[in-house]
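The block underneath contains the structure these notes are about, expressed in structure tokens.
Readers should treat all values here as calculations from the given coordinates under stated rules, not as data from a laboratory. Values in this document were obtained by computation on a predicted structure and should not be read as measured data. Virtual Cβ from ideal backbone geometry, glycine too; neighbours counted across all protein chains shown.
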Amino acid sequence: MTIRDHDLAGAVSTVRYEVHRLSIATSLTYDETVRRYEQAVPALDEARFTALAAGRPTWDDIRIATAPNAPHDFIRYWRGDFT
């Protein structure tokens, strides 16, 4: 089965949103800054959230499951090498 353009009519929309980017000056090298950031902001524990999503979690369930993975209330969902 293929999807034709007319099958998507009205199914796709565009949403504009504003993003705030933080620029932080450091005396560290780029690699050291990335290393320290990644040490402070752990990567998403995909296994934990996959298991959680298999059920019917409440927002409190998600918040409680997130806490050990986000000691500073941040989680890294992906990583990109921009050098």
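Once backbone amide H atoms are built at 1.01 Å from N, Arg76 has Ala43, Leu44 as its partners under 5 Å, excluding neighbours fewer than 5 places away on the same chain. Net charge in the neighbourhood of Glu38 (other residues with Cβ under 10 Å of its Cβ; Lys, Arg +1, Asp, Glu -1) is +4.
Within region 34-51, what residues put their amide N at less than 20 Å from the label point 7 Å along the Cα-to-Cβ vector of Thr26? Output list for this probe position: 34-44. If R0 is taken as 30 Å, the Cβ-Cβ distance between Ala11 and Ile62 corresponds to a FRET efficiency of 0.60.
Note that region 22-33 has calculated 3J(HN,Hα) couplings of 8, 10, 10, 7, 9, 9, 8, 5, 4, 4, 5, 4 Hz, one per residue in order, obtained from phi through the Karplus relation 6.51 cos²θ - 1.76 cosθ + 1.60 (θ = phi - 60°); glycine and proline are x.
Note down the magnitude of the dipole of region 44-83 about its Cα centre, charges +1 on Lys and Arg C-beta and -1 on Asp and Glu C-beta and zero elsewhere, to the nearest 20 debye.
Working: 5 positive and 6 negative charges, 10 e Å.
Value, rounded to 20: 40 debye.
In this simple spin-label approximation, Asp73 and Phe49 carry label points 7 Å from Cα along the Cα→Cβ vector, and these lie 1.8 nm apart.
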